[in-house]
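Novice: What follows is a single structure, and I will ask about it in a moment.
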Amino acid sequence: MTVSGRFVALLALGVIPVVLLGGREALAYAALASWLVLCVVLGLIDLVLAASPRSVVLERSIPARVRLGAEAASELYVTNSGPRTLRGTVRDAWEPSAGAEPTRTRVAIPAGERRRLVASLRPWRRGERRVHAVTVRSWGPLHLWARQATLEAPGRIRVLPPFTARKHLPSRLARLRELEGSTTVLLRGQGTEFDSLREYVRGDDVRSIDWRATARRHDPTSGHGARVMVRTWRPERDRRVVILIDSARTSAARVADEPRIDTAFESALLLAALATRAGDRVDLIAFDRVVRGRVQGASGPELLSRMVDAMAGIEPALIELDWSAVPAQVASITSQRSLVVLLTSIESPGSSRGLLSVLPQLTAKHLVVVASVTDPDTLGATQERHNRDAVYRAAAAERSLLDVSRVAAAVRRLGADVVTGAPADLPPALADRYLALKATGRL
């Protein structure tokens, strides 16, 4: 049960006879007591005439998934199965991070009828956003006292990564098509497949001349010289791309108001979308000391669907990454030479010691790219030196950038590539590095 502000105001009116009959205390107190009894009786009558909130039947209709930052509609069907009209308020108790609006709705539902209440969901956190109960408050005709009950009506919606980096995909796909078209004419490198034969033109690599095909095309009776034939090549397809996301404590740090792990998700999704269009197979692991998420054996549209579904529930674990187990995790996916992308942090030599210790095992068999987020505020701090505090901040920022460059140089010496960038720049930069590896025939 609950009372309204109207009932409190009605009780406050009992002060009037006390003031008017201030000289006759006995009569004033008797009037006040009578007024209080009258208010309570009216409240009890109001409570009895209110519809029972426990006679309400609830049903939900919620979409299974929504992208972070997008909007979804949650429908709650409220059926009044009691004998009286239900006049009151319905509160749908979604988690705050679900971004439900409105959470309270006034209703007037006659007996035996049903109403649909629609709430707009705009979640601001990934993962499962849940609702467990609905609170129904039923007022009487005088709106003095109300019955209230909390009814179970569970529901949930899965909030997926937003994949805002998909805006870079059309331009990278255009470059991929250009690459495949130009590679068949000009390039010959490691890891390329035979495509077709054509006549030699000036500028072609002489190593691509196919002398057997040239001999077959030679006609001694024509009186013309032999037509030299060359082989054309294209980037190999059906290569393996293994993406390993660091889900340990360093991935919880916020850079440009975005967790590192979210930037890693954006980079992985863009790279996977590009690689699967190029005909390569992509596998994903999110790992710290245990596997937090794994996508393996998917291709085409199913790949991105399974990736975002696996990423939705992954949160950083406040533990150190077990780098010694990373080679075994990669080996559990593939035994052939692959592109291994490590989305992690290379902030300082101390925190990167584990990474540097296992790189020789990975680079001995695979092509390795280490991708790391850099803080744009650190670079901006190096330019501000207008006072003493700014100079100290600039010195600290310079030292931080120097540490990153030292670790990057060590990674390159061990045979791996390094890609760094701000949260908005890292996904396209990683995609560009993938295209560069394709163009040079290294993948």
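The values are calculated or read from the model by the stated rules, or taken from the named source; none is laboratory data. Because the structure is a prediction, the values reported are computed rather than measured. All Cβ positions, even for glycine, are placed from backbone atoms using ideal geometry, and neighbour counts span all protein chains on display. Heavy atoms of the whole protein, side chains included, go into the accessibility calculation; ligands, DNA and RNA do not. Shrake-Rupley method; radii C 1.70, N 1.55, O 1.52, S 1.80 Å.
Novice: Quick one: is LEU27 of a type in the set (A, V, I, L, M), in contact with a Leu (Cβ under 9 Å, 6 or more places away or on another chain), assigned to a helix (DSSP H, G or I) and under 27 Å from GLU113 (Cα atoms)? Give the steps one after another, and end with the answer.
Specialist: Numbers: of a type in the set (A, V, I, L, M): yes; in contact with a Leu (Cβ under 9 Å, 6 or more places away or on another chain): yes; assigned to a helix (DSSP H, G or I): yes; under 27 Å from GLU113 (Cα atoms): no.
Against the criterion (of a type in the set (A, V, I, L, M), in contact with a Leu (Cβ under 9 Å, 6 or more places away or on another chain), assigned to a helix (DSSP H, G or I) and under 27 Å from GLU113 (Cα atoms)), LEU27 does not qualify.
Novice: Then there is this: If I ask for residues that are open to solvent by 60 Å² or more (accessible area, probe 1.4 Å), closer than 14 Å to LEU42 by Cα and in contact with a strand residue (DSSP E or B) (Cβ under 7 Å, 6 or more places away or on another chain), which ones from the range 1-16 would you list?
Specialist: If the condition is that a residue be open to solvent by 60 Å² or more (accessible area, probe 1.4 Å), closer than 14 Å to LEU42 by Cα and in contact with a strand residue (DSSP E or B) (Cβ under 7 Å, 6 or more places away or on another chain), then VAL3 is the only one that fits.
Novice: Assuming SER400 fulfils every condition listed in (1) within 31 Å of the chain's Cα centre (by Cα); (2) closer than 30 Å to ARG442 by Cβ; (3) not hydrophobic (A, V, I, L, M, F, W, C) apart from one, which condition is it?
Specialist: (2)
Novice: Specify the residue that is most open to solvent (accessible area, probe 1.4 Å); the eligible residues are those in the range 196-222 that are of a type in the set (Val, Ile, Thr) and at pLDDT 70 or above. Give the derivation first.
Specialist: As a first pass, look at the range 196-222 and keep what is of a type in the set (Val, Ile, Thr): 201, 206, 209, 214, 221.
Within this subset, residues satisfying the condition of being at pLDDT 70 or above are 201, 206, 209, 214.
Working: VAL201: 74, VAL206: 93, ILE209: 29, THR214: 11 Å².
Step by step, filter the range 196-222, then rank; the result is VAL206.
Here is a yes/no grid of residues against (1) touching an Asp or Glu at 6+ places or on another chain (Cβ under 6 Å); (2) assigned to a helix (DSSP H, G or I); (3) closer than 26 Å to LEU271 by Cα:
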position: LEU342; (1), (2), (3): no, no, yes
position: GLY350; (1), (2), (3): no, no, no
position: LEU355; (1), (2), (3): no, yes, yes
position: LEU359; (1), (2), (3): no, yes, yes
position: LEU362; (1), (2), (3): no, yes, yes
position: VAL368; (1), (2), (3): no, no, yes
position: ARG385; (1), (2), (3): no, no, no
position: VAL391; (1), (2), (3): no, yes, no
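Novice: Suppose we keep only residues that are surrounded by 13 or more Cβ atoms within 10 Å (Cβ to Cβ) and of a type in the set (S, T, N, Q) within the range 53-75. Which one would you say is farthest from TRP124 (Cα to Cα)?
Specialist: If we take residues in the range 53-75 being surrounded by 13 or more Cβ atoms within 10 Å (Cβ to Cβ) and of a type in the set (S, T, N, Q), then SER55 is farthest from TRP124 (Cα to Cα).
Novice: On to the next question. Inspect all residues belonging to the range 401-416 and state whether any of them is crowded, with 19+ Cβ neighbours inside 10 Å, in contact with a helix residue (DSSP H, G or I) (Cβ under 6 Å, 6 or more places away or on another chain) and within 22 Å of LEU173 (Cβ to Cβ).
Specialist: The answer is no; no qualifying residue exists.
Novice: Please identify the pairs in which a residue from the range 388-400 that is modelled with pLDDT under 90 has its Cβ atom under 6 Å from the Cβ atom of a residue that is assigned to a helix (DSSP H, G or I) and hydrophobic (A, V, I, L, M, F, W, C), counting only partners at least 6 apart or on another chain.
Specialist: ARG393/ALA381; ALA394/ALA381; ALA397/ALA381
Novice: Anything in the range 281-328 that is open to solvent by 10 Å² or more (accessible area, probe 1.4 Å), acidic (Asp, Glu), in a loop (DSSP other than H, G, I, E, B) and in contact (Cβ under 8 Å) with a residue 40 or more places away in the chain? List them, or say none.
Specialist: GLU315, GLU320 - these are the residues of the range 281-328 that are open to solvent by 10 Å² or more (accessible area, probe 1.4 Å), acidic (Asp, Glu), in a loop (DSSP other than H, G, I, E, B) and in contact (Cβ under 8 Å) with a residue 40 or more places away in the chain.
Novice: With the checklist (1) of a type in the set (Gly, Ala, Ser); (2) on the phi < 0 side of the Ramachandran plot; (3) at pLDDT below 90 in hand, flag the one item ALA70 doesn't pass.
Specialist: All conditions pass for ALA70, except number (3).
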